[in-house]
Amino acid sequence: MKTGARTLIEALQREGVDTIFGYPGGVVLPIYDELYDSSIRHILVRHEQAAAHAADGYARASGRVGVCLATSGPGACNLVTGIATAYMDSIPIVALTGQVPTALLGNDAFQESDITGITIPITKHNYLVKKAADIDRVVREAFYIARTGRPGPVLIDLPKDVTMGVVDEVSSPPPAEISLRGYQPTYDGHVRQIDKALDLIARAERPLVYAGGGVILSGASTELREFVETAAIPVTTTLMGLGAIPGDHPLNLGMLGMHGTQAANYAVTECDLLIAIGVRFDDRVTGKIEAFAPNAQIIHIDIDPAEIGKNKKVDVPIVGDVGRVLRAMLARMQKHGDTANWVNRAGTWKAQFPPGYRDDDRLRPQYVIQQLSDLMKGEGIVTSEVGQNQMWTALYYCFKRPRSWITSGGLGTMGYGFPAAIGAHFARPGETVVDVAGDGSFQMNIQELATVAHNNIPVKVVILNNMYLGMVRQWQELFYDRRYAYTELSPVDFVRVANAYGVEGIRVEEKAEVREALETALGHDGPFVLDFRIEREENVFPMVPAGAAINEMIGVRQP
């Protein structure tokens with residue numbers, strides 16, 4: 001006989017869980033008591049939202065399922081933003097929440113919240129476990145659902161009497177196989193659809209690959225590179241797709257969309273065939289949807305059939321895992337169009353219109369990111385917060401590998417990057433991890449300085465500090481007559497704050513100090529905070545105004 005809590009820990013171990021990010025509370029004490037003697041490492045965060053983000057960062061960096069744990073009521077509710085972040089970006093995490101005893105459910109008991117009801121719209125599936133004997137099965141199913149098909153978060157709600165209940169080890173063996181009625185993801189693309197796509201590729205004169213986060217989730221970066229090189233097709237990536245193909249690859253035109261490169265946005269507008277791979281045609285990419293790829297036939301490859309045709313009509317839909325589909329296409333490809341002139345034209349755009357900024361003696365954020373990129377040389381992991389810091393990093397950092405860029409794309413969650421960096425460190429402890437932050441975003445989860453100090457987690461934080469909510473201020477400058485309504489932030493001495501937690505830091509105010517400061521932080525064997533006092537009203541360009549077509553960029557040199 002064993003308790004439900006012991007059953008839970010053993011089930012997690014069978015799933016290969018080595019790290020849990022969590023915060024204890026009353027109803028999860030049985031779980032924490034069993035965790036105390038287990039081989040699973042527990043990282044005590046200082047806010048439950050950080051636990052969810054850390055589990056998310058762990059999953060993105062490793063490709064495995066991340067796990068977080070919180071108590072009932074406010075603890076569980078504090079996970080919600082992190083769960084929604086993972087859901088929007090299709091990240092596999094399992095969130096474990098405590099719950100009041102089953103006899104008290106629905107009675108408004110102390111620290112009771114209907115967390116399964118709350119999270120229905122933002123989870124791939126969730127469970128309220130009523131019997132200890134069901135724990136093994138539920139854990140097995142939850143991990144299977146989280147990591148298969150289109151990945152996503154799954155929540156398991158565990159009442160205290162269930163984790164304290166007794167399980168008969170003989171009568172309740174763990175399930176050997178998982179088969180869920182109504183959940184059968186399609187992995188192999190239909191051969192007829194693949195042949196239709198290859199026919200369009202063979203006849204296209206101006207084809208373009210539009211690759212997204214699905215390529216990285218599928219582990220298909222090698223296949224993507226082989227495909228574009230074999231067919232001689234330029235490629236643009238989404239924010240989530242950065243690193244799917246090296247940033248310095250000659251066929252890579254960079255990121256497309258609202259803050260995409262001119263080359264990428266012009267290519268989308270001029271192409272006659274758009275091959276969309278692991279993307280969802282979201283509004284920040286497409287701009288005015290009717291003007292997105294207006295001259296192109298569209299092939300869309302995605303594992304989730306609900307995404308195909310949702311936002312943009314496509315000519316050849318292919319449902320399947322993008323890695324398997326690309327391998328099938330490569331095996332069946334007999335010829336492709338003559339794209340030499342098109343590749344040259346796209347290359348000319350890329351050379352003529354690189355992302356640019358005023359390179360003077362002032363401390364500009366673009367320069368900081370370029371120096372960081374030069375020092376990192378494509379190695380390690382970069383996370384970001386959300387806003388200008390995120391876009392500057394996407395535009396000026398050269399990502400060369402998949403899973404080296406971790407950011408909140410769909411939900412756009414401020415405060416994400418720092419705890420995500422903590423999770424990334426535990427996924428790949430031998431690699432350098434840097435969080436690029438704005439001063440606004442960093443303060444959303446600044447308490448996690450205690451976590452990195454307590455565990456000596458060597459995450460480096462690069463704060464691009466303009467004392468504004470920078471991206472909101474940029475919109476106010478451009479579209480609201482510079483009426484800066486409540487976007488100016490009071491100055492914070494982040495170095496002294498870091499020091500108070502036991503973390504080293506440096507403030508940088510001069511351009512000449514940037515590289516040495518970065519080298520100091522990267523060479524330090526523990527956590528480190530760099531506070532770069534950048535030009536306060538620096539903007540992110542290119543920029544596509546809301547409602548405009550993606551070739552209608554402002555803040556750029558026109559062709």
Could you grab me the full set of residues in region 39-87 that are over 20 Å from residue 124 (Cβ atoms) and in a strand (DSSP E or B)? 41, 42, 43, 44
Members of region 188-242 that are more than 30 Å from residue 64 (Cα to Cα) and of a type in the set (Lys, Arg): 192, 196, 203, 206
Pick out the one residue from 12, 8, 35, 29 that is at pLDDT 95 or above, part of a helix (DSSP H, G or I) and open to solvent by 60 Å² or more (accessible area, probe 1.4 Å). 29
Limited to region 287-306, what total is found for residues that are crowded, with 24+ Cβ neighbours inside 10 Å and in contact with a Gly (Cβ under 9 Å, 6 or more places away or on another chain)? 5
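Matching residues to (1) aliphatic (A, V, I, L, M); (2) touching a helix residue (DSSP H, G or I) at 6+ places or on another chain (Cβ under 9 Å); (3) assigned to a helix (DSSP H, G or I):
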| residue | (1), (2), (3) |
| --- | --- |
| 492 | yes, yes, no |
| 520 | no, no, yes |
| 530 | yes, yes, no |
| 537 | no, yes, no |
| 540 | yes, yes, no |
| 545 | no, yes, no |
| 556 | yes, yes, no |
| 559 | no, yes, no |
Inspect all residues belonging to region 191-201 and state whether any of them is buried (at least 24 other Cβ atoms within 10 Å of the Cβ), in the same structural domain as residue 320 (by TED's automatic domain parsing), under 14 Å from residue 326 (Cβ atoms) and β-branched (Val, Ile, Thr). no
Helices (runs of 4 or more DSSP H) completely within region 402-459 that count 1 or more residues being polar (S, T, N, Q): 439-442, 449-455
Report yes if some residue within region 88-102 is of a type outside the set (Ser, Thr, Tyr), in the same structural domain as residue 123 (by TED's automatic domain parsing), at positive phi and open to solvent by 30 Å² or more (accessible area, probe 1.4 Å); otherwise report no. no
Residues of region 451-462 being within 19 Å of residue 47 (Cβ to Cβ) and open to solvent by less than 20 Å² (accessible area, probe 1.4 Å), in sequence order, are 451, 452, 457, 459, 461
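The values are calculated or read from the model by the stated rules, or taken from the named source; none is laboratory data. The model shown is predicted, which means the values in this text are computed figures rather than measured ones. Cβ atoms come from the backbone with ideal geometry, glycine included; neighbour counts cover every protein chain shown. For accessibility, only protein heavy atoms count, side chains too; no ligands or nucleic acids. Shrake-Rupley method; radii C 1.70, N 1.55, O 1.52, S 1.80 Å.
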